[in-house]
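I have placed the structure first, in the form of structure tokens, so that the comments after it can refer back to it.
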Amino acid sequence: VNAFLPGELVLLTDTRDRMYLVELAPGGQFHTHNGVLAHDAVIGRHAGVVLYTSGGARITAFRPRLADFVRKMPRAATVLYPKDVGPVLVYGDIGPGCTVVEAGTGSGGLTLALLRAVGPTGRVCSVEIRDDHRAAAERNIRRFLGELPANLELVAGDVGAHLASLRADRIVLDLPEPWSVADAAAEALAGGGLWVSYVPTVPQVGETVTALRRAGRYADIETFEILLRTWHVDGRSIRPDHRMIGHTGFLTVARFADDARLANASRLAADG
Ligand SMILES: C[S@@+](CC[C@H](N)C(=O)[O-])C[C@H]1O[C@@H](n2cnc3c(N)ncnc32)[C@H](O)[C@@H]1O
């Protein structure tokens, strides 16, 4: 059994599906409206254990998934939603051994997913222009992983300035003007690689795709969005939930090509 250890993060859920992220400390206490749960009652037990507060409230202790942690962690900047993180990893083909350049680091949510995908043989270099965001991301990453992994480099500054000196298998951009680094990213990706960018608005998509076509070094440029609809399943009432997150943003994925001018020429002409 993989028992909870002191210092570990635990997700405590009550009977109303409320979730609390708690760092286990010997002697520590978790307070609810209905009594107290000692951290020592969780330490040494397995994930999924059912416990009761001093007031008799039922609590289940889980190991937080990365998606739970990202939802609960302090946010410096808007984090990428899990529904968008998955496609970044899959359509960006980010796997073990990859070298990924990411910008901006933001709150570090996507950085954690990238680290998990590339594994110990890969590398993540994450560039962030704001010191306060970088510091917040560093705190979040340390909190989830216990330390900053050796294969992560958190870099201060403008990604445009850094790309010239970087080489990458994948470039992942979640920042307002990804189009401004289309040319520099092509240099960093030379040798074959993939571009993935995420932007929330349609004009940003237009700017991004036009810049990728003009750069003449990207092929298979695709833009898409992910709509996730959750369902209410209760007895015979099985139907979509009334509320959903209607919009987050658009992903654009492209492959590096030595010369894609011809392939993009007709579309560039249509773009005007
Ligand atoms: C939406 S947040 C990224 C969130 C991140 N993907 C996450 O899941 O936590 C965008 C970040 O990009 C940073 N940024 C904006 N322009 C930048 C640039 N040119 N170079 C580096 N970082 C930049 C911002 O300061 C901000 O922290």
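The values are calculated or read from the model by the stated rules, or taken from the named source; none is laboratory data. Computed from a predicted structure; not experimentally measured. Backbone-built Cβ (ideal geometry, glycine too); neighbour counts: all protein chains shown. For the accessible areas, the whole protein counts, side chains as well, though only heavy atoms, and no ligand, DNA or RNA atoms are used. Shrake-Rupley method; radii C 1.70, N 1.55, O 1.52, S 1.80 Å.
Numbers below:
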{"item": "Test: Ile141 is touching a strand residue (DSSP E or B) at 6+ places or on another chain (Cβ under 8 Å), within 14 Å of the ligand (Cβ to nearest atom) and closer than 22 Å to Phe250 by Cβ", "result": "no"}
{"item": "Count of residues meeting criterion [more than 6 Å from the ligand (Cβ to nearest atom), of a type outside the set (Gly, Ala, Ser) and outside any helix (DSSP H, G or I)] in segment 97-138", "result": "11"}
{"item": "Residues of segment 176-197 classified as open to solvent by less than 30 Å² (accessible area, probe 1.4 Å) and touching an Asp or Glu at 6+ places or on another chain (Cβ under 7 Å), total", "result": "2"}
{"item": "Meets criteria (more than 30 Å from Leu227 (Cβ to Cβ), more than 15 Å from the chain's Cα centre (by Cα) and either open to solvent by less than 30 Å² (accessible area, probe 1.4 Å) or of a type outside the set (A, V, I, L, M, F, W, C) (or both)) for Ala61", "result": "yes"}
{"item": "Out of Ile221, Ile245, sole residue that is touching a residue at least 60 places away in the same chain (Cβ under 8 Å), in contact with a Phe, Trp or Tyr (Cβ under 9 Å, 6 or more places away or on another chain) and surrounded by 11 or more Cβ atoms within 10 Å (Cβ to Cβ)", "result": "Ile245"}
{"item": "Hits in segment 169-228 (condition: over 18 Å from Leu262 (Cβ atoms), more than 16 Å from the ligand (Cβ to nearest atom) and among the small types (Gly, Ala, Ser))", "result": "Ala190, Gly191, Gly192, Gly193, Gly206"}
{"item": "Pick from segment 139-167, criterion part of a loop (DSSP other than H, G, I, E, B) and among the acidic types (Asp, Glu), ranking: most open to solvent (accessible area, probe 1.4 Å)", "result": "Glu147"}
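Yes/no matrix, rows are residues, columns are (1) open to solvent by 10 Å² or more (accessible area, probe 1.4 Å); (2) within 15 Å of Leu148 (Cα to Cα); (3) among the charged types (D, E, K, R):
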| position | (1), (2), (3) |
| --- | --- |
| Leu66 | yes, no, no |
| Phe69 | no, no, no |
| Ala77 | yes, no, no |
| Gly122 | no, yes, no |
